[in-house]
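The values are calculated or read from the model by the stated rules, or taken from the named source; none is laboratory data. These numbers come from a predicted model, not from an experiment. Counting neighbours? That spans all protein chains shown, and the Cβs are built from the backbone with ideal geometry, glycine included. Surface accessibility is based on the protein's heavy atoms, side chains included, excluding ligands, DNA and RNA. Shrake-Rupley method; radii C 1.70, N 1.55, O 1.52, S 1.80 Å.
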Amino acid sequence: MLFVLALVFVLACALPAAAKDYKVGVAIYQFDDNFMTLYRNELQSYFEELSAAGEDNYNVTIVDGKNDMAEQSNQIDNFITQGMDVIILNLVQTSSADAIIDKIVANEIPVILINREPMGTDGDESYAGILDNATVCYVGADARQSGTFQGEIVAELENHGDINGDGKISYIMIEGDPENIDAQYRTEFSIKALVDAGYEVECLDDQVGNWAQAKGQELCANALSKYGDAVEVVFCNNDAMALGAAAAIQAAGRKVGEDIYLLGVDALAECVEMVNNGEMTGTVLNDHVGQSHAAVDAAIAALNGEELQNYYWVDYVKVTK
Ligand code: GAL
């Protein structure tokens, strides 16, 4: 009898636990964004990989917010109606974080915020929606670091970005979406790194390119025709805009590394190649693999009923030749 019981026990332990089917809703602020496309594809393939390798199955639905907060809010309503088990959310507008997160939390669905960090009302203070709930977290990179790295790359150049030797670094800044903390911090901290290192800076132009390549090209072309050789450094808050700026620089007959410097953030494959062949001075790796995997891991932890940390950070990495 004992033997039979022991056998039943051993067999029961050897049987696989019942596989679970989870519904995962992913809301991306806009599909038409180079960096978020890499991020989104990696997110999806990592979920597929885990579904294939493990017992549980993750049915992932990814929707395009088209940079429209009303559209994204409807998509979240649909996710709630569809009974998503977890939501991964790349907000269109971080200022709408309260309303959206309250709605999701009220429906007892865990939410993993990615890429666009909502800030407290004091700017620097952490966002209460994250701190107050064990089922809400933010996964991302600290944009201050990416800005600092851009500034340091310039400071580390032999002439420290002062090509004409007039004692100051004259730059133009091409900014991403101004509501986005990534744009704000990269703009601020790239220059702060230069000033902190003791260099004098002069801002010739600071314009909003909304993360877009075509806008980056247009703004850089305008600034080059207005300020000509006075422009020594072109800071772009991301690589897509730096790609545009590179085209404008070339069209103006200027040469990166000789009479101008060009910086981006993201380390898109084409930009890393440009850094290697001297067409860009440097970029900063915005680790979409690390961030998307951390987001998926947090989502799975939440699905397993674990309490989430408030923040999960992934480091940026400086990219130079
Ligand atoms: C930034 C990234 C940009 C853009 C933006 C969207 O982190 O550097 O290229 O994708 O996110 O929020």
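Candidates are the residues of the stretch 35-47 that are touching a strand residue (DSSP E or B) at 6+ places or on another chain (Cβ under 7 Å) and within 20 Å of ALA141 (Cα to Cα); the one that is farthest from the ligand (Cβ to nearest atom) is GLN44. For the stretch 213-234, state whether one or more residues are without any contact (Cβ under 8 Å) to a residue 12 or more places away in the chain, among the hydrophobic types (A, V, I, L, M, F, W, C) and more than 15 Å from the ligand (Cβ to nearest atom). No, the stretch 213-234 contains no residue that is without any contact (Cβ under 8 Å) to a residue 12 or more places away in the chain, among the hydrophobic types (A, V, I, L, M, F, W, C) and more than 15 Å from the ligand (Cβ to nearest atom).
Just checking, does the stretch 93-113 include any residue being in a strand (DSSP E or B), of a type outside the set (D, E, K, R), away from the ligand (no atom under 14 Å from the Cβ) and farther than 28 Å from TRP313 by Cβ? No: zero hits. The set of residues in the stretch 48-87 that are more than 14 Å from the ligand (Cβ to nearest atom) and among the aliphatic types (A, V, I, L, M) comprises LEU50, ALA52, ALA53, VAL60, ILE62, VAL63, ALA70, ILE76, ILE80, MET84, VAL86, ILE87. Pairs linking a residue in the stretch 164-183 that is closer than 30 Å to ALA97 by Cβ and open to solvent by 50 Å² or more (accessible area, probe 1.4 Å) to a residue that is within 12 Å of the ligand (Cβ to nearest atom) and part of a loop (DSSP other than H, G, I, E, B), with Cβ atoms under 9 Å and 6 or more positions apart or on different chains, are PRO178/ASN210; GLU179/GLN93; GLU179/ARG116. In a residue-by-residue description of the stretch 101-119, the property of being open to solvent by 50 Å² or more (accessible area, probe 1.4 Å) and under 26 Å from VAL195 (Cα atoms) applies to no position.
When you check ALA193 against the structure, is it open to solvent by 70 Å² or more (accessible area, probe 1.4 Å), out of contact with any His (no Cβ under 6 Å at 6 or more places or on another chain), among the small types (Gly, Ala, Ser) and within 30 Å of PRO118 (Cα to Cα), yes or no? Judged against the criteria, ALA193 is not a match. Of everything listed in (1) open to solvent by 10 Å² or more (accessible area, probe 1.4 Å); (2) assigned to a helix (DSSP H, G or I); (3) without any contact (Cβ under 8 Å) to a residue 60 or more places away in the chain, the single unmet condition for GLN145 is (3). From the list TYR22, TYR39, the lone residue that is at pLDDT 95 or above and not in a helix (DSSP H, G or I) is TYR22.
Set side by side, the residues ALA245, ALA294, ALA269 differ, and just one is open to solvent by 70 Å² or more (accessible area, probe 1.4 Å) and within 16 Å of the ligand (Cβ to nearest atom), which is ALA269.
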